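Student: I am attaching a structure below and will ask some questions about it afterwards.
The values are calculated or read from the model by the stated rules, or taken from the named source; none is laboratory data. As the structure is a computational prediction, the values presented were derived from the model and not from experiment. Note: ideal-geometry Cβ built from the backbone for every residue, glycine included; neighbour counts use all protein chains shown. Side chains included, ligands, DNA and RNA excluded: accessible areas come from the protein's heavy atoms. Shrake-Rupley method; radii C 1.70, N 1.55, O 1.52, S 1.80 Å.
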Amino acid sequence: MKAKEILKGMSPYKPGKQIEEVKKEYGLDKIVKLASNENPFGFSPQVNKQLPKLIKQLEKYPDGYAAALRKKTADFLNVKEDQLIFGNGSDEIVQIICRTFLEAGANTVMAAPTFPQYKHNALIEGAEVREVPLLNGRHDLSTMLEQVDENTRVLWLCTPNNPTGVHLSAKEIEHVLNNCPSHVLIVMDEAYYEYMEAEDAFDSLSALNQYENLLVLRTFSKAYGLAGLRIGYGVGSPEIVSTLEPAREPFNTSTIAQAAAILALDDQEFIIETTKENAVNKRKLMEFLDENSLDYYPSEANFVLVHLPLSGDVMFEHLLSKGFIVRSGEALGLPNSIRLTIGKKEDMEIIQSEIKERIIGITK
Ligand SMILES: *Cc1c(COP(=O)(O)O)cnc(C)c1O
């Protein structure tokens with residue numbers, strides 16, 4: 001048997017530790033997972049209330065066109081229905097983009113580190129991956145533009161960037177849109193859009209009218225709290241969407257996910273309240289980091305990349321033994337750091353004191 005040569009050097013995605021696994025390993029009753037940027041407040045109670053109704057008719061295939069969710073989302077975003085493509089998480093949209101645009105001889109430009117699925121899927125399609133190191137947690141946009149040539153098919157902008165949390169300003173993105181050749185698809189991954197507060201943020205949806213090579217990715221996994229159901233979407237010109245559609249599986253999003261996403265969109269109160277709480281707890285974490293002279297990137301998302309005077313793996317192990325699962329920077333390409341999802345107030349207070357405990361003696 002002969003698989004694609006490139007797959008020999010690749011490993012499957014390594015997920016964050018699972019809660020049950022850690023409970024057993026450390027004999028703990030309570031585990032707080034702050035590793036995957038999930039919403040600590042769950043998801044809209046409306047979804048919960050209606051769930052029994054959602055699990056009917058499971059013998060039937062879902063609506064492959066996601067018509068009801070499509071209409072709801074188009075109205076909500078004020079875009080046309082044919083500007084939307086839905087995926088089994090926005091992860092799947094990334095895969096569909098790569099299947100559609102990338103192949104041997106083509107290249108794709110992205111920051112490093114950034115969301116790993118861009119590179120992973122591009123490699124499987126046989127494309128050359130041009131990674132441009134971040135500068136201080138930020139995309140180095142001028143070098144990224146320099147890397148674009150006639151064989152570049154896709155340029156990825158992750159804003160706010162995972163794992164650094166740093167966002168790109170409207171001015172910076174406009175510069176890219178105005179200077180990147182129009183044969184390049186520009187993908188703006190806004191997985192953390194709902195968390196953004198910055199006044200200089202880019203209005204990506206309005207820009208779709210002006211730039212036909214722009215595709216925006218959003219998800220129900222983060223602020224909407226529906227990561228377990230797997231649903232996300234892309235918004236772009238009808239031309240881009242119809243180019244992508246043949247590469248999409250016919251029944252890629254489930255009946256339950258579609259129905260839950262509609263209910264979740266209808267409950268904006270949940271989004272407003274939980275993102276507000278996230279912002280308060282994030283600010284408190286930053287104050288704590290300032291007080292303890294720990295460096296971090298200013299984050300516009302629901303996580304913070306914290307720099308440490310010790311290895312991220314060491315801090316990871318320490319926090320794990322105290323019942324907190326975080327993401328070590330080692331695996332993310334930022335060795336002396338951890339990525340911390342903003343959790344509930346009481347959990348943040350405990351984890352902050354655990355972090356402090358572990359670094360005392362190193363910094364003094
Ligand atoms: C979490 C995340 C996604 C993927 O989310 P899905 O669950 O697949 O919708 C996409 N991009 C970034 C930057 C993320 O952090």
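Student: Which whole-number percent is the relative contact order of the chain (Cα, under 8 Å, 6+ apart)? Walk me through the numbers before you get to the answer.
Tutor: Values: 650 pairs, mean separation 82.7, N = 364.
Relative contact order of the chain: 23 percent.
Student: Could you provide, to the nearest whole Å², the per residue accessible area of the chain with probe 1.4 Å? Let's see the in-between values first.
Tutor: Details: 17050 Å² over 364 residues.
Ligands and nucleic acids excluded, the result is 47 Å² per residue.
Student: What pairs from Lys282/Lys322; Lys14/Lys222; Lys23/Lys345; Lys33/Lys356; Lys49/Lys276; Lys17/Lys71 go past 26 Å between their alpha carbons?
Tutor: Values: Lys282/Lys322 21 Å; Lys14/Lys222 19 Å; Lys23/Lys345 22 Å; Lys33/Lys356 19 Å; Lys49/Lys276 23 Å; Lys17/Lys71 37 Å.
Check vs 26 Å cut-off fails for Lys17/Lys71.
Student: Tell me the Kirkwood radius of region 220-317: reciprocal of the mean inverse pair distance over distinct alpha-carbon atoms, in Å. Let's see the in-between values first.
Tutor: Working: mean 1/r = 0.0590 Å⁻¹.
For region 220-317, the Kirkwood estimate is 17.0 Å.
Student: For the chain, with only Lys/Arg (+1) and Asp/Glu (-1) charged at the beta-carbon, what is the dipole magnitude about the Cα centre, in debye rounded to 20?
Tutor: Values: 39 positive and 52 negative charges, 233 e Å.
Result for the chain is approximately 1120 debye, rounded to the nearest 20.
Student: Just flag the trypsin sites (Lys or Arg not before Pro) in region 1-91 sitting in loop per DSSP whose Cβ has no more than 11 other Cβ atoms within 10 Å.
Tutor: Numbers: sites: Lys2, Lys4, Lys8, Lys17, Lys23, Lys24, Lys30, Lys33, Lys49, Lys53, Lys56, Lys60, Arg70, Lys71, Lys72, Lys80; in loops: Lys2, Lys4, Lys17, Lys30, Lys56, Lys60, Lys80.
Listed in order of number, the matching sites are Lys2, Lys4, Lys30, Lys56, Lys60.
Student: Between Asp266 and Glu174, what length in nm is gained on full extension when 0.36 nm per residue of separation is reduced by their alpha carbon distance? Could you put the intermediate results ahead of the total?
Tutor: Values: separation 92, 0.36 × 92 = 33.12 nm, distance 3.11 nm.
My answer for the length gained is 30.0 nm.
Student: Now for a separate question. Quick one: Cα convex hull volume of region 57-266, Å³ per residue?
Tutor: Details: hull volume 23.9 nm³, N = 210.
It comes to 114 Å³ per residue, whole-number rounded.
Student: What is region 57-266's relative contact order, in percent, from Cα pairs under 8 angstrom and six or more apart in sequence? Provide the component values of the computation, followed by the final result.
Tutor: Values: 380 pairs, mean separation 57.7, N = 210.
Relative contact order for region 57-266 comes out at 27 percent.
Student: Based on the alpha carbon coordinates of region 254-364, what radius of gyration and maximum Cα-Cα distance (Dmax) apply, in Å?
Tutor: Radius of gyration, then largest Cα-Cα span, for region 254-364: 16.3, 56 Å.
Student: Tell me which of His120, Gly64, Met144 sits at the most positive position along the dipole axis of region 57-266, charges placed on C-beta atoms (Lys, Arg +1; Asp, Glu -1).
Tutor: Result: Gly64.
Student: Per the Kirkwood definition applied to all pairs of different Cα atoms, how many angstroms is the hydrodynamic radius of the chain? Can you show the working numbers first?
Tutor: Values: mean 1/r = 0.0466 Å⁻¹.
Averaging 1/r across every pair of different Cα atoms and inverting gives 21.4 Å.
Student: Percent of accessible area on region 166-317 owned by carbon and sulfur, 1.4 Å probe? The partial results should precede the final answer.
Tutor: Values: 3000 of 6060 Å².
Carbon and sulfur: 49 percent of the exposed surface of region 166-317.
Student: Can you list the residues of region 250-274 with backbone N under 18 Å from a point 7 Å past the Cα of Glu59, pointing along Cα to Cβ?
Tutor: Backbone N within reach: 255-256.
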